[in-house]
Amino acid sequence: MPAFLLPIITGASNMMRLPALIAFLAGIFGQIIAFFAKYMTTKVAMQLTIITAVSALTLGVFAVIKALIMSVSVVAPEGLVHGASLVIPDNAAICLSSIVSAHTVRYVWIWKVYFIESFAQGR
């Protein structure tokens, strides 16, 4: 290697230290951000899945209860339907589906707590 290139190489290496350090720190920062983004998107996706499942369950229970009420009212005598309409409110299907969905959410929550506790104890 010719000796006249040594000062140029030394000067270039001194100038490259700061950009290399910045590039190194930016790479580490980018990896940390990517890790947290992956963690947060996983959590958000799980919560959205749970919300979707509970909403679908509520809608399904509402549809089933409404269908059952309608099927009973089709075959029931007119006096019984009129008497039941005096006692049973119009939003009975919505109320019943909300109660069933609340019990389901409570069951799922208890199951998740049990799973977390057993995972923490190493079972």
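Of the residues Phe36, Phe29, the single one that is in a helix (DSSP H, G or I), modelled with pLDDT of 80 or more and either under 30 Å from Trp109 (Cβ atoms) or among the basic types (Lys, Arg) (or both) is Phe36.
Once the range 58-76 is narrowed to residues that are within 29 Å of the chain's Cα centre (by Cα) and open to solvent by 60 Å² or more (accessible area, probe 1.4 Å), the residue that is farthest from Gln47 (Cα to Cα) is Lys66. Selection of first residues in the range 67-95 that are closer than 30 Å to Ala56 by Cβ and of second residues that are open to solvent by 60 Å² or more (accessible area, probe 1.4 Å) and of a type in the set (Gly, Ala, Ser), restricted to Cβ pairs under 9 Å at least 6 apart or on distinct chains, gives the following pairs, ordered by first then second residue: Ser73/Ser85. Residues considered: Gly83, Gly79. Of these, the only one that is out of contact with any Gly (no Cβ under 6 Å at 6 or more places or on another chain), loosely packed, with under 10 Cβ neighbours inside 10 Å and at pLDDT 80 or above is Gly79.
The values are calculated or read from the model by the stated rules, or taken from the named source; none is laboratory data. Computed from a prediction, not measured in an experiment: that's the story for all the values here. No Cβ is skipped: glycine too gets one built from the backbone with ideal geometry, and neighbour counts run over all protein chains shown. For the accessible areas, the whole protein counts, side chains as well, though only heavy atoms, and no ligand, DNA or RNA atoms are used. Shrake-Rupley method; radii C 1.70, N 1.55, O 1.52, S 1.80 Å.
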